[in-house]
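All remarks here apply to the structure that follows.
The values are calculated or read from the model by the stated rules, or taken from the named source; none is laboratory data. These figures come from a predicted structure and were not determined experimentally. Virtual Cβ from ideal backbone geometry, glycine too; neighbours counted across all protein chains shown.
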Amino acid sequence: MTTTRAARPPERTRGPDPARLERMLYYLKVTRESESRLERVLYRQGKIVGGVYTGRGQEAIGVGSAIQLARGDVVFPSHRDFSSFVIHGVSLREIFCNWMGRAEGPTRGRENTLHIGSLKLGIIPIISPLGDTLPVACGVGLALKQRGRGNVVLVHFGEGTTSRGDVHEAMNLAAVMKLPVVFICNNNAYAYSTPTEKQFAVRDLSARGPAYGMPGATVDGNDVLAVYAAAQKSIARARKGEGPSFLECKTFRMTGHSAHDAAEYVPAELFKRWEKKDPIPRLEKFLLSRRLIVAKRIRELERSIQQEINEAVAYAEASPLPEGRTAVEGVYCGEQCWWLKD
Amino acid sequence: MRNLTRSQYHDLYYYLRLNRRVDEQLVNLYRQGKVVGGVYSSLGQEAISVGTAYALEPQDVISPLIRNVGAMMVRGFRPRDIFLQYMGRQDGPTGGRDANTHFGDLQRGVLAPISMLGETIPVMAGVALAGKMRGEKRVALAYVGDGATSTGPFHEGLNFAAVLKLPLLVIAENNGWAYSTPTEKQMAVPDIAERAPGYGIPAVRVDGNDVLRVYESTRAALERLRGGAGPVLLECKTMRMKGHAEHDDARYVPKEVFDKWRKKDPIVRFEKLLRDRRLMTVEEKTEIEGRIEREIREDVDFAESSLFPPPEGAARPVWESGAEGA
C-alpha cells in the first residue's frame, strides 16, 4: 500500500485526531502481522534469505514518531522499525520481495532484511553498525538546516548503540550546531544478550540529553500516544530551529536478537511482564473505551491487513530471483544507478 | 582531608615554579633551534598538573598530556629527562627516538602520552580494571583536554568505567581552546562536568588556577575511588596562556581573554597565599628558587652535552623487549 503524506503546518500541538488514531492502529497491526509472517512462517519455511530481525513489542515507537513527519523530512529507521518504512510509503510487496531476495525488491535481490531506503521517500537505509547512523543523520540534518525549509530528521537506534563513540560525537555535534535531529533511542533492554545494567550506569538514558545541552525525555515506548506526544514536542522544536532532542522510549524486545536466537538469557518472567504491556491491545482498549472505534471496525482492519499481506507474499513468491549476470549492476553509480532515481 | 605540612606547601611551590622554569627553558632552546619538533607549553596550567599529581600515592598511575610536564616531575622525572627528550638526545627517556613528553615509566606510574587524546580514557580504564582485578588500591588518573571530550573514545572509555565502577579519575583540563576551537564550538554545555550525569558518575568543578583547590578536590575524589564507588570527573577550569605550540601565535584568541587570565596566574596566586598565611619566608622562597635555577642550569648543560643517538641503533628498541632506551 502507498500513502501520500501531506505537508502540515510546522507547529502542531494537538493530539492525533480520530482518523489518525485509526491509522496508528492500522500501522501497529500491519507491522505486527507482517513481521509475524516473516519470522514465524516464511523464515521457518526457508523462504527468507538471511536472518529475520523484528520489532515485536516495539511497534509503537516507529508508529508514534514517523506518522508525524511531513514531506521533505527524513527518517533513519533501525532494523526494528518496520512501521517507519510502511508509513513512509514503502509497499508490502517491496518489503517482502526484499526479504526474499527477489529481483523486484528495492535492492533487486542484492541486500536482504530492511536494508532498504529511498531518497524520494526520505528513508535512509539501515547502517548495520548502528552507531554510525547518527553522524550520518547529523549530515542530513545539516543539509536540511541549510536548505531552510523546516524539515527534520528522525533517527532510531537501540540502547546498545548509545555506548558507541560515534553516538557521542554525533549528539555533541548536533547540539553545538543546533541541528534539526530527533534522536530516538528504542531502549528494548537487551543489546543482543547484554542487559542494560551492563550497558550503562544511569537509570534513564535521557540523562544523556542535558549532558550534551539538549532536552532529554524518557517515555513508555509501549504507549503509542506517549511516544506521539513526546515526538511531537521534539519535532516541533527541531522545525523551529531550536536544535536536537533526545527521546528514550523504554520497551522490550519480545523476541531474540533475531529469529535464530532463542534468547534463553532473558528471564522468562520479563517476557510475561512485558506481554501485559503490549502496545497494540493498549491502543485498542483506549480507542474502544473512548468510543473512537468500534470492535467491528477493528475486525475489518485485521481482515484487510491479512489480505494485503497474503497478496504481497504471493506476489513476492511468484516474483523471480535476480539473474546472475545482473549482479554487478548498481554497484557503481552510472546509468544503472536505480537506487538514486527510485 | 589531611592538612598539608609547611614543607608540603613548599613542595607544591617548588613544583609549580619548576614547571614554569622548565617551560621557559624549553622555549629558549626552541628559539635557539635546539629542540627537535615542537614545544607545547603548560604556561598557566601548572596548578592542575602539580595539584593533582601531588595528591596521588606511589602505586597510582597517570597518563599525562603534553601539557602535564609538572605532573611528570611530581612523579619523579627530572628536568634533565625532559630537556634530553625535547632535544632528541641518546640519554633521554626514549633514547632520542621520540620527542617532547612522549615518554613514560611504569615504575613511576607514568604512561606515555597518547597523541589522540581521547584514546587515553579507554586505556586508563584498562589500567584501572587491572588494578581492581588484582585487588590493588590503585587509581588510574587520566588527563584530557576540552577537545578530547568530544571524541568517541572518551565516551566509550568513561561509560565502560562507570558500568564496571572502575577507580578512574578523569581530570578534564578545560583550557578554553582545542587548538583554535573555543569551547562554545566544542560543546553546547557550559561545563564539561555536565557530561557526568549522562554516565551516572559524579563531577566536581574546580578553579584550575588554584593549586590548593585542585589538590583538595583530587584528594576527595581519590577517597571515593579507593572506596570502590566508581569513576569521578574532575573539571579544572583554566586557560592556555600560549598558542597550541610555540609555532602558533594564537592570534585567534581575543587579547582580553589573555589579559583576564593573566591576573589569575596560578603561581602568583599561590605565592600570595603562602605569604598571607605566613607559610613561606622570603629566605625560604629564595632558597627554593635558587635550587630550581641550579637544577635547570645543570640539566640544560647536561642535555646539551649529551650525544644524539647513533643511527645504527635506531631500529633496536623497536622490537626487542627490554632493549636499552625502550
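Which of the residues belonging to region B:218-266 are over 27 Å from residue B:54 (Cα atoms) and of a type in the set (A, V, I, L, M)? If the condition is that a residue be over 27 Å from residue B:54 (Cα atoms) and of a type in the set (A, V, I, L, M), then B:250, B:253, B:257 are the ones that fit.
In region A:102-112, what count of residues is obtained for those that are out of contact with any Ser or Thr (no Cβ under 9 Å at 6 or more places or on another chain) and under 18 Å from residue A:315 (Cα atoms)? Within region A:102-112, residues that are out of contact with any Ser or Thr (no Cβ under 9 Å at 6 or more places or on another chain) and under 18 Å from residue A:315 (Cα atoms) number 2. Going through region B:185-214 one residue at a time, which ones are facing chain A (nearest Cβ under 8 Å) and assigned to a helix (DSSP H, G or I)? B:185, B:186, B:194, B:195, B:196, B:197, B:198 - these are the residues of region B:185-214 that are facing chain A (nearest Cβ under 8 Å) and assigned to a helix (DSSP H, G or I). For residue B:251, are the conditions met, namely being loosely packed, with under 11 Cβ neighbours inside 10 Å, closer than 19 Å to residue B:211 by Cα and without any contact (Cβ under 8 Å) to a residue 40 or more places away in the chain? Spelling it out, it is not the case that residue B:251 is loosely packed, with under 11 Cβ neighbours inside 10 Å, closer than 19 Å to residue B:211 by Cα and without any contact (Cβ under 8 Å) to a residue 40 or more places away in the chain. Within region B:215-259, the set of residues being closer than 20 Å to residue B:195 by Cβ, small (Gly, Ala, Ser) and part of a loop (DSSP other than H, G, I, E, B) comprises B:229, B:230. Quick check on region A:199-209. Is at least one of its residues within 14 Å of chain B (Cβ to nearest Cβ), under 16 Å from residue A:277 (Cβ atoms) and surrounded by fewer than 21 Cβ atoms within 10 Å (Cβ to Cβ)? Within region A:199-209, not a single residue is within 14 Å of chain B (Cβ to nearest Cβ), under 16 Å from residue A:277 (Cβ atoms) and surrounded by fewer than 21 Cβ atoms within 10 Å (Cβ to Cβ). Please indicate, with yes or no, whether at least one residue in region B:162-177 is within 14 Å of another protein chain (Cβ to nearest Cβ), in a loop (DSSP other than H, G, I, E, B), of a type in the set (A, V, I, L, M, F, W, C) and buried (at least 24 other Cβ atoms within 10 Å of the Cβ). Within region B:162-177 (the criterion being within 14 Å of another protein chain (Cβ to nearest Cβ), in a loop (DSSP other than H, G, I, E, B), of a type in the set (A, V, I, L, M, F, W, C) and buried (at least 24 other Cβ atoms within 10 Å of the Cβ)), the answer is yes, since at least one residue qualifies. Take the conditions (1) of a type outside the set (A, V, I, L, M); (2) within 14 Å of chain B (Cβ to nearest Cβ); (3) crowded, with 23+ Cβ neighbours inside 10 Å; residue A:141 misses just one of them, which is (2). Every test in (1) within 30 Å of residue B:153 (Cβ to Cβ); (2) part of a loop (DSSP other than H, G, I, E, B); (3) not charged (D, E, K, R) is passed by residue A:143 save one, and that test is (2). Which one of A:152, A:167, A:90 is among the aliphatic types (A, V, I, L, M), closer than 26 Å to residue A:312 by Cα and buried (at least 23 other Cβ atoms within 10 Å of the Cβ)? Among A:152, A:167, A:90, only A:90 is among the aliphatic types (A, V, I, L, M), closer than 26 Å to residue A:312 by Cα and buried (at least 23 other Cβ atoms within 10 Å of the Cβ). With respect to the conditions (1) in contact with a helix residue (DSSP H, G or I) (Cβ under 6 Å, 6 or more places away or on another chain); (2) not in a helix (DSSP H, G or I), residue A:69 lacks only one, and its number is (1).
Every test in (1) among the polar types (S, T, N, Q); (2) more than 11 Å from residue B:69 (Cα to Cα); (3) touching a residue at least 24 places away in the same chain (Cβ under 8 Å) is passed by residue B:49 save one, and that test is (2). Across region B:119-149, which residue is farthest from residue A:174 (Cα to Cα) among those that are within 11 Å of chain A (Cβ to nearest Cβ) and surrounded by 24 or more Cβ atoms within 10 Å (Cβ to Cβ)? Among them, the one singled out is B:121. Among the residues of region A:150-172, those identified as assigned to a helix (DSSP H, G or I) and within 11 Å of another protein chain (Cβ to nearest Cβ) are A:162, A:163, A:165, A:166, A:167, A:168, A:169, A:170, A:171, A:172. Checking the structure you have, find out if any residue of region A:222-232 is among the polar types (S, T, N, Q) and either away from every other protein chain (no Cβ under 14 Å) or surrounded by fewer than 22 Cβ atoms within 10 Å (Cβ to Cβ) (or both). For region A:222-232, residues among the polar types (S, T, N, Q) and either away from every other protein chain (no Cβ under 14 Å) or surrounded by fewer than 22 Cβ atoms within 10 Å (Cβ to Cβ) (or both): present. Which members of region A:210-220 meet the condition of being aliphatic (A, V, I, L, M) and facing chain B (nearest Cβ under 8 Å)? Result: A:211, A:214. Out of A:37, A:44, one residue alone is of a type in the set (Lys, Arg) and in contact with a Phe, Trp or Tyr (Cβ under 9 Å, 6 or more places away or on another chain). It is A:37. Annotation: residue A:31 fulfils all but one of (1) among the polar types (S, T, N, Q); (2) part of a loop (DSSP other than H, G, I, E, B); (3) out of contact with any His (no Cβ under 7 Å at 6 or more places or on another chain); the unmet one is (2).
If only residues of region B:67-89 that are more than 20 Å from residue B:12 (Cα to Cα) and hydrophobic (A, V, I, L, M, F, W, C) are counted, the one that is nearest to the chain's Cα centre (by Cα) is B:83. Residues in region A:173-193 that are farther than 17 Å from residue A:257 by Cα and either in a strand (DSSP E or B) or within 14 Å of another protein chain (Cβ to nearest Cβ) (or both): A:173, A:174, A:175, A:176, A:177, A:178, A:179, A:181, A:182, A:183, A:184. Against the numbered list (1) within 20 Å of the chain's Cα centre (by Cα); (2) surrounded by fewer than 20 Cβ atoms within 10 Å (Cβ to Cβ); (3) within 14 Å of another protein chain (Cβ to nearest Cβ), residue A:246 comes up short only at (2). Residues that are acidic (Asp, Glu) and closer than 29 Å to residue A:204 by Cβ were ranked within region B:215-242; the one that is farthest from the other protein chains (Cβ to nearest Cβ) is B:223. Is it the case that some residue within region A:304-319 is at pLDDT 90 or above, surrounded by 10 or more Cβ atoms within 10 Å (Cβ to Cβ) and assigned to a loop (DSSP other than H, G, I, E, B)? The answer is yes, given that some residue of region A:304-319 is at pLDDT 90 or above, surrounded by 10 or more Cβ atoms within 10 Å (Cβ to Cβ) and assigned to a loop (DSSP other than H, G, I, E, B).
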